[in-house]
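**Q** Got a structure here, written out as structure tokens. Questions coming.
Just so you know, all these numbers are worked out from the coordinates, no wet-lab data involved. Just so we're clear, the structure is a prediction, and the values are computed from it rather than from any experiment. So basically every Cβ, Gly included, is an ideal-geometry build from the backbone, and we count neighbours across all protein chains shown.
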Amino acid sequence: MAIKHKYTLICDDVRREDNGKLIIIGVYQKVIALPQIPFILPSLTFFQVLESDRPGMWSVKIRIQHLESGKNLIDGAGQIGFQQVGEGINSLRFGNVSLVAPGSYNFVMEIEKQENDPIVVPFEVALNIPQPIQPYR
């Protein structure tokens, strides 16, 4: 086994400060609540902590899929690399993600020549209708 998935955060964006620290902006807790559907998210980022037992480069295939319809919102491919053994981070940012239906979604990453199953990160999309503020009595 070369790469092990530790965890993934779903957020709006990840930025690096001048001092090297990361800023993780707008973390979702497994539910992306939207004011209306359909909705275009300007930015959707998957921040991953992975662990490798060897240095190297691996090809990956990624997709975001809506489970009820079976449709992929995003399909892509790329590479991830480790310069040394141990933990590493991977940040995948998608711009203008069109969410056209509420329900269950998966972010899926398949790693080349990986013996274990793909990395699957489930999340929900829900309509968040703001409740009116009740006057104090």
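**Q** I'd like the full set of residues that are exposed (fewer than 15 other Cβ atoms within 10 Å of the Cβ) and touching a residue at least 40 places away in the same chain (Cβ under 8 Å), limited to the range 1-16.
**A** Let us first name the residues in the range 1-16 that are exposed (fewer than 15 other Cβ atoms within 10 Å of the Cβ), namely 1, 4, 6-7, 15-16.
Selection gives 1, 4, 6, 7.
**Q** Could we say that residue 50 is in contact with a His (Cβ under 7 Å, 6 or more places away or on another chain) and under 22 Å from residue 13 (Cβ atoms) here?
**A** Working: in contact with a His (Cβ under 7 Å, 6 or more places away or on another chain): yes; under 22 Å from residue 13 (Cβ atoms): yes.
So residue 50 fits the description; yes.
**Q** Just a yes or no: is a residue in the range 121-132 closer than 16 Å to residue 28 by Cα, of a type in the set (A, V, I, L, M, F, W, C) and surrounded by fewer than 16 Cβ atoms within 10 Å (Cβ to Cβ)?
**A** Within the range 121-132, the subset closer than 16 Å to residue 28 by Cα is 121-128.
Then keep just the ones that are of a type in the set (A, V, I, L, M, F, W, C); that gives 121, 123, 125-127.
Filter once more, keeping what is surrounded by fewer than 16 Cβ atoms within 10 Å (Cβ to Cβ): 126-127.
Checking the range 121-132: at least one residue is closer than 16 Å to residue 28 by Cα, of a type in the set (A, V, I, L, M, F, W, C) and surrounded by fewer than 16 Cβ atoms within 10 Å (Cβ to Cβ).
**Q** Here are some residues: 19, 96. Which one is polar (S, T, N, Q), in contact (Cβ under 8 Å) with a residue 24 or more places away in the chain and surrounded by fewer than 16 Cβ atoms within 10 Å (Cβ to Cβ)? Break it down into steps so the answer makes sense when it comes.
**A** Working: 19 fails: in contact (Cβ under 8 Å) with a residue 24 or more places away in the chain.
After applying the criteria, what remains is 96.
**Q** On to the next question. Does any residue of the range 113-128 turn out to be assigned to a loop (DSSP other than H, G, I, E, B) and within 15 Å of the chain's Cα centre (by Cα)? Walk me through how you get there before you give the answer.
**A** Just the residues of the range 113-128 that are assigned to a loop (DSSP other than H, G, I, E, B), to begin with: 113-118, 128.
From what's left, within 15 Å of the chain's Cα centre (by Cα): 118.
Within the range 113-128 (the criterion being assigned to a loop (DSSP other than H, G, I, E, B) and within 15 Å of the chain's Cα centre (by Cα)), the answer is yes, since at least one residue qualifies.
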